[in-house]
1. Assigned by TED's automatic domain parsing to the domain that holds residue 14 and surrounded by 12 or more Cβ atoms within 10 Å (Cβ to Cβ): which single residue out of 95, 49 fits that description?
2. Filter the range 1-46 down to the residues that are closer than 24 Å to residue 92 by Cβ and surrounded by fewer than 14 Cβ atoms within 10 Å (Cβ to Cβ), then identify the one that is modelled with the lowest pLDDT.
3. Are any residues in the range 70-92 in contact (Cβ under 8 Å) with a residue 24 or more places away in the chain and surrounded by 15 or more Cβ atoms within 10 Å (Cβ to Cβ), and if so, which ones?
4. Name the helices (runs of 4 or more DSSP H) wholly inside the range 1-72 in which the number of residues that are over 16 Å from the mean Cα position of the chain (by Cα) is 1 or more.
């Protein structure tokens, strides 16, 4: 099984991207990207992996498994929750801190209303 770093490096090279190009697109420093690709960083954040999955056209779930952030075999409810969380993360990227707080408050409201 290939490592997270090897998976990222192969995906980047398959798309003919340089580390600098990925840095410009993602806002992630090329030094950090290089350390990821060489498996020197073992615990990248979900946000970093989410950005890279989008740029490299890789399933986020695959990167999370390789980073040991989720287990390979998950049940369907966890899968649905993960897919929902991923969609929320992508949609909330350009929101201000205040808007993100409002979204979280709204989610809490929905949960309390349901009970």
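1. 49
2. Here the answer is 43.
3. 86
4. Helices (runs of 4 or more DSSP H) meeting the threshold: 4-14, 19-26, 30-37.
The values are calculated or read from the model by the stated rules, or taken from the named source; none is laboratory data. This structure is a prediction, so every number in the text was calculated from the model and none was measured. Reconstructed Cβ throughout: ideal geometry from the backbone, glycine too, with neighbour counts over all protein chains shown.
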